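Quick notes on the structure that follows.
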Amino acid sequence: RSQIQLTTSLERLQQAAGALPDGVVVLNAADQIEWCNSKAEHQLGLNLAQDEGQPIAYLVRQSEFASYLEDFNYGEPIKLRASRNPDVSLELQLVPFGEYQKLLICRDITHLEKIETMRRDFIADVSHELRTPLTVVVGFLETLKDIDGAVPESLRHYFDLMETQASRMRTLVEDLLVLSQLESSAHPTQEQEIVIYVMD
């Protein structure tokens, strides 16, 4: 009776995991596949009937994943391109549980990455488009202020206000351009320790 109850519970657990929108792979202490749902089979190119008992590193053959698996630092997920379809972006995260077992959770983030790319492109395009007219407006304001008698004294306050706001907007546009350049940089940020000396 206990065996039947355990089998039933296991089947229910597998059905629940199979219904998840993300891929799930159960790994043993040797990082071998014990079970996976159909989503993981599709995303990672696995076949549970054939790959059960196989080391996951033999089947997900990407250096980034191999390093992630060996580092034992699973606090943050990693992003990979799907082996079968390079246009698909996957986010993988390992979650330790039980006695040296792990859950490998795989999520398709292709749609999110496309949205992020659209956002970056939009910021870059808008910044470039606003830069030229703002430069023209600021230039004309400065020119009018420099010409004697061009701006009546009663209106000079309004010109100062327009120049201040236009310069402020130009600063915001420049900041957006810098942000766009940083986000689209091909060189990732490198972290390193530095020594700071505080002088009395």
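The values are calculated or read from the model by the stated rules, or taken from the named source; none is laboratory data. Remember, predicted model here, so these are calculated numbers, not experimental data. FYI the Cβ positions are ideal-geometry reconstructions off the backbone, even for glycines, and counts take in every protein chain you see. Heavy atoms of the whole protein, side chains included, go into the accessibility calculation; ligands, DNA and RNA do not. Shrake-Rupley method; radii C 1.70, N 1.55, O 1.52, S 1.80 Å.
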Point to revise | 28 Å Cα cut-off, lysine pairs counted over the chain (separation 8 or more, or different chains) | key: 5
Check your understanding: Roughly speaking, what is the stretch gain from residue 97 to residue 162, that is 0.36 nm per residue apart minus the C-alpha to C-alpha distance, in nm to one decimal?
Key -> 17.2 nm
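I want the local charge near residue 48. Using Cβ-Cβ distances under 15 Å, sum +1 for each Lys or Arg and -1 for each Asp or Glu among the other residues.
-4
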Exercise for review: Would you mind checking the radius of gyration and Dmax of the chain based on alpha-carbon positions, in Å?
Suggested key: 28.5, 101
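Can you list the trypsin sites (Lys or Arg not before Pro) in segment 1-104 that are in a DSSP coil and have 12 or fewer other beta carbons within 10 angstrom?
On the way: sites: 1, 12, 39, 61, 79, 81, 84, 102; in loops: 1, 61, 84.
Sparse-neighbourhood loop trypsin sites (Lys or Arg not before Pro): 1, 61, 84.
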Practice item. Compare the peptides 47-56, 144-153, 113-122 by average per-residue count of other Cβ atoms within 10 angstrom and give them in order, highest first. Key: 47-56, 113-122, 144-153
Check your understanding: Ignoring any ligand, DNA or RNA, what whole percent of the accessible area of segment 26-159 comes from carbon and sulfur when the probe is 1.4 angstrom?
Key -> 53
